[in-house]
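The values are calculated or read from the model by the stated rules, or taken from the named source; none is laboratory data. Predicted model, so just to flag it, every value in this text is computed and none were measured. Glycine also receives a Cβ, built like all others from the backbone with ideal geometry; neighbour counts cover every protein chain displayed. Surface areas here come from the heavy atoms of the whole protein model, side chains and all, with no ligands, DNA or RNA. Shrake-Rupley method; radii C 1.70, N 1.55, O 1.52, S 1.80 Å.
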Amino acid sequence: SYHPITDYALRREYETNLFWFSYRCDFTPIQPQNLTSDAGWGCMLRSAQMLLGQALRVHYNGRQYIPPKSTVRRKEHIFVQDLLMWMADYPSACTTGCWYSLHNMVAAGVSRYDVLPGEWFGPG
C-alpha cells in the first residue's frame, strides 16, 4: 500500500508503467460492419485489454517488475513482445497469435452473446 504523501513519487512511478491501450484506427476491418476504428465504442474492450495485460504482467513477471525506461529496451523484453502480439488488432488468433485482439473480442461478443460492436457489455 502507498501513503498518499510520503509515497507519491513511488506511486506515480508505478502508474507510469501500467499498460495503456487506446483507441486505434486503420486496422483490418471488423466484419460485417466494416469497422476500421474503435473510437466511440471500444472503451470497454480496451479497458479489458489493459486489465488483462496488467494481470498477465504480474503473473509472468511479479508485482515488483519495473520495465526499462527506454521504449526501445522495453520492446526488446520477450514478455512485452508477446503481450503486444496477443493484443494486436488482427482478426484471426489461429494464424496470428493475437488471442486478445479487438477483432476476437468482438467476434466472441457476436457469436456467444449476440452483442454487436458498440453495444454495452455488462452484467445482466
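Count of segment 59-82 residues, restricted to those that are farther than 18 Å from Tyr14 by Cβ and surrounded by 12 or more Cβ atoms within 10 Å (Cβ to Cβ), is 3.
Annotation: Tyr90 fulfils all but one of (1) open to solvent by 90 Å² or more (accessible area, probe 1.4 Å); (2) closer than 28 Å to Glu119 by Cβ; (3) at pLDDT below 95; (4) part of a helix (DSSP H, G or I); the unmet one is (4).
Within segment 93-120, the set of residues being part of a loop (DSSP other than H, G, I, E, B), open to solvent by less than 60 Å² (accessible area, probe 1.4 Å) and not polar (S, T, N, Q) comprises Gly97, Cys98, Val115, Pro117, Gly118.
Looking across segment 30-45 at every residue that is in a helix (DSSP H, G or I) and in contact (Cβ under 8 Å) with a residue 40 or more places away in the chain, the one that is farthest from the chain's Cα centre (by Cα) is identified as Met44.
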